[in-house]
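So the structure is just underneath, and the comments pick up after that.
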Amino acid sequence: MYGADIGTLNVYVQTLPTNQANISSTLVWTKSGTQGNAWRRGQQSLHDLNTTNMYGWRVAFEGVVGRGYLGDISLDDIFLSQAECPASRTCDFELNLCDFQPDPGNSWVRQQATNLANFVNEDHTSSTSLGHFAMAQTNSKLRSRQYPDAGDECLRFWYFVNGPDGSTGQISVAKQTSGSATETALWSNNIYENGWRYGQVSISGDRSPFTYLFQAVKSSQDVVIGIDDVILTLGFCKPPINCDFEAIDLCSWTQMKNDDFDWLLQTGATESFGTGATVDHTTNSAQGHYIFIETSHPAKQNDTARIISEHLLTGQGCFSLWYHMHGEDIGSLVIYQNTKSNPMTQINKIDGEQGDQWKQLHTDLAVP
């Protein structure tokens, strides 16, 4: 699923009752938007397919066209086994709460991202009001399944906390080791913002199985606390702004909405002749990943594509990146610093053809 205009790939289970009346379809898996120029594995356990009142069943794939023609959806190596799929370490809440368990029961729900007060009315996965996320209905916890100890791990997620003036809300993350009643606090945030924010927590391995949990505390029902796109990966978390794109995602960076098109994940050469890189910088190979903008039709002069980082703490630092700007009609690469007192302040700009090579840029950051 690759391209600026990718729509949606849906997987349905269609069942036929014994009386061979109307076929019913149940959505069991879905994914929307570009997923990078790489093959990705999808899997889904199928349940309750051997009931006595069922004549037969089948699997149906549905591709839905996006907003334009820039994008392709492909399938390969379809396989069905009689075993349960391995437990997933990711959840986007588009179909259910995955392996998470609300504590107490029904205190967290899968919520469609629409018609909510004090909410941006879009989920993080699809950035639309049609998407879903997990929302806390009361002061409660959302517990993961138990994971075997595999060493240090990184829990990454997107969260939302917002409410009316005079209210308070907080989301926190804790770890509980098997056989212990102690919940060790790892992270928390109580700052209101009407938008999705990125969070990450390093979980140290201690040779015991563990669960992690999200805890919501809010002063009223008008406070919205939610999570989306949760993933647990091996190894300690990198600093949030750092990204080499080898995980085939944008890390904590987000495609902005007030622009004209999006950045794309890529391996190897771009499709436009005489422009772009042929290898990434990290691995210096055609298998490494990087992001680029495709300026062929329908993009036009002065169109912009922007990504924005997660919020950073105040202070000073050096921001660096490697860039590749090669082609006859190259425009500009602009870096902005965005604060409440000085929104979208330009701090660096590179114009025009820079040669068929990766170059490094350093920019000093100073935030009061």
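The values are calculated or read from the model by the stated rules, or taken from the named source; none is laboratory data. The shown structure was predicted, so the numbers you read here are calculated from the model rather than taken from an experiment. A quick note on method: Cβ atoms are made from the backbone with ideal geometry, for glycine too, and the neighbour counts reach across all protein chains shown. The protein model used for the area step is the full one, side chains on, heavy atoms only, and it has no ligands, DNA or RNA in it. Shrake-Rupley method; radii C 1.70, N 1.55, O 1.52, S 1.80 Å.
Some notes on this structure:
- Cα centroid separation - the range 291-368 against the range 245-282, whole Å: 13
- Counting 0.36 nm for each residue step from residue 81 to residue 39 and taking away their Cα separation leaves a gain of 13.1 nm.
- Computed from the C-beta positions of residue 257 and residue 19 and an R0 of 56 Å, the FRET efficiency is 0.70 to the nearest 0.05.
- The phi-based Karplus calculation (6.51 cos²θ - 1.76 cosθ + 1.60; θ = phi - 60°) puts the 3J(HN,Hα) values of the range 83-92 at 9, 5, 5, x, 4, 7, 9, 10, 7, 10 Hz, whole numbers, x for Gly and Pro.
- Considering only 79, 93, 214, the Gaussian network model of the chain with Cα springs below 10 Å gives its largest mean-square fluctuation to 79.
- Value of relative contact order over the range 90-234, rounded to a whole percent, pairs C-alpha under 8 Å and six or more apart: 33
- Three semi-axes of the equivalent ellipsoid, the range 156-269, Cα gyration tensor, whole Å, largest first: 28, 24, 9
- Cβ-Cβ FRET estimate between residue 59 and residue 362, R0 fixed at 51 Å, reported to 0.05: 0.50
- Per residue, in Å², the accessible surface of the chain once ligands and nucleic acids are set aside, probe 1.4 Å: 57
- Stokes-Einstein diffusion for the range 292-368, with the hydrodynamic radius set to the Kirkwood value over Cα pairs and evaluated at 20 °C in a medium of 1.002 mPa s, equals 150 µm²/s.
- For the range 1-52, fraction of C-alpha pairs farther apart than 16 Å, in %: 55
- Scaled against the 2.2 N^0.38 Å expected of a compact globular protein of N residues, the Cα radius of gyration of the range 90-234 reads 1.01.
- Build a GNM of the chain with springs between Cα atoms under 10 Å apart, and of 150, 216, 113 the one that fluctuates most is 150.
- Total lysine pairs under 22 Å (Cα atoms) in the chain, excluding pairs fewer than 8 apart on one chain: 11
- Taking label points 7 Å from Cα along the Cα-to-Cβ direction, residue 244 and residue 74 give a separation of 2.6 nm.
- Rg over Rh for the range 19-90 works out to 1.00, both radii taken from alpha-carbon positions and Rh defined as the Kirkwood radius.
- Residues residue 310 and residue 184, FRET efficiency given R0 of 22 Å [Cβ-Cβ distance, rounded to 0.05]: 0.35
- In sequence order, calculated HN-Hα J values of the range 200-209 (Karplus, 6.51, -1.76, 1.60; Hz; x Gly/Pro): 8, 9, 7, 10, 6, x, 9, 6, 9, x
- Under 5 Å, built H, 5+ apart or other chain: amide partners of residue 194: none
- Whole-number D in µm²/s for the range 160-227 (Stokes-Einstein; Kirkwood sum over Cα pairs; 20 °C, 1.002 mPa s): 162
- Taking every alpha-carbon pair in the range 218-317 and binning the separations at 5 Å intervals from zero gives 2, 10, 15, 17, 18, 15, 10, 6, 3, 2, 1, 0 percent.
- Length gained on full extension, residue 107 to residue 344, computed as 0.36 nm times the residue gap minus the Cα-Cα distance: 81.4 nm.
- Distances between placed amide hydrogens fall under 5 Å for residue 54 paired with 18, all partners being 5 or more residues away or on another chain.
- Mean separation of Cα contacts under 8 Å, 6 or more apart, over the residue count of the range 2-72: relative contact order %: 53
- The GNM of the chain, with springs linking C-alpha atoms under 10 angstrom apart, assigns the highest mean-square fluctuation among 92, 329, 262 to 329.
- Whole-percent carbon and sulfur share, accessible surface of the chain, 1.4 Å: 49
- Residues in the range 246-260 carry Karplus couplings, in order, of 6, 7, 6, 8, 9, 6, 9, 7, 10, 5, 7, 8, 8, 10, 10 Hz; the curve used is 6.51 cos²θ - 1.76 cosθ + 1.60 with θ = phi - 60°, and Gly or Pro positions show x.
- Scaled to the globular estimate 2.2 N^0.38 Å, the Cα spread of the chain, given as radius of gyration, is 1.09.
- Database note for the chain: Cys without another Cys beta carbon under 4.7 angstrom, 85, 318.
- The range 168-203 versus the range 1-22: alpha-carbon centroid distance in Å: 36
- For the range 138-165 versus the range 50-102, the spacing of their alpha-carbon centroids is 24 Å.
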